[in-house]
Structure formats: structure tokens, C-alpha cells
Amino acid sequence: MAKHLTLAVAGSRKTQGLVEHCAALPKERRVLVLTYTGLNQHELRQRLSNYAGGHLNIEVLGWFSFLLRDFARPFLRYKFVYNAGEWLHL
């Protein structure tokens with residue numbers, strides 16, 4: 001599976017290029033777009049919705065949300081147990 005990384009200076013159409021690239025991918029392809037700020041997430045979601053509205057497999061996440069969801073949370077059960085509404089250290 002090919003990966004795609006875009007690095008460029010401000011004002012060089014990175015966001016639009018990313019939106020166009022995601023929209024051109026097959027609808028069944030899962031796409032994860034990571035960004036750092038909430039403002040960028042909102043901007044990307046808006047543009048993707050307008051430009052690639054029918055592509056339901058595009059997910060836009062912030063970097064820290066991604067780290068918590070996919071790297072930290074799956075391993076919490078090995079270190080902590082959730083009991084009666086609170087996390088207990090094992």
C-alpha cells in the first residue's frame with residue numbers, strides 16, 4: 001500500500017492538494033488524514049465534505065486524538081482496570 005506525505009511551505013496549496021488526492025481515491029479505500037490543530041481538522045472536514053462528499057471512508061483526526069485512540073487506549077487494560085466509573089491501577 002502506497003503512503004503519501006506532503007511537506008511544503010505556507011500558501012502552496014497543500015490542503016487543496018490533499019483534498020483532491022483523497023477525493024480521487026477509490027471509495028472503498030480507507031483514508032486517515034492527521035493534523036495538529038482543531039482549526040485544521042475543521043477546515044479539512046469542510047473541504048472534504050464539499051469536494052468528496054460521497055467518500056465515507058475518509059477520517060480526519062488530530063495527532064493527539066490518533067495517539068490516544070490507536071496507541072494508548074488499546075493497552076490501558078493491561079495496566080489499568082475500569083471499575084465502578086474509575087480507572088484502577090493494577
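The values are calculated or read from the model by the stated rules, or taken from the named source; none is laboratory data. The model shown is predicted, which means the values in this text are computed figures rather than measured ones. Methodologically, a virtual Cβ is constructed for each residue, glycine included, from the backbone with ideal geometry; neighbour enumeration extends over all protein chains shown. What goes into the accessible areas is simple: the full protein's heavy atoms, side chains included, and nothing from ligands, DNA or RNA. Shrake-Rupley method; radii C 1.70, N 1.55, O 1.52, S 1.80 Å.
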(message) Please determine whether any residue of the range 5-13 is in contact (Cβ under 8 Å) with a residue 12 or more places away in the chain, open to solvent by less than 50 Å² (accessible area, probe 1.4 Å) and either part of a loop (DSSP other than H, G, I, E, B) or more than 24 Å from Phe71 (Cα to Cα) (or both).
(response) no
(request) Say whether the condition of being at pLDDT 80 or above and open to solvent by less than 70 Å² (accessible area, probe 1.4 Å) is met by at least one residue in the range 80-87. (result) no
(request) Consider Leu68 carefully, then state whether it is open to solvent by less than 80 Å² (accessible area, probe 1.4 Å) and without any contact (Cβ under 8 Å) to a residue 60 or more places away in the chain. (result) no
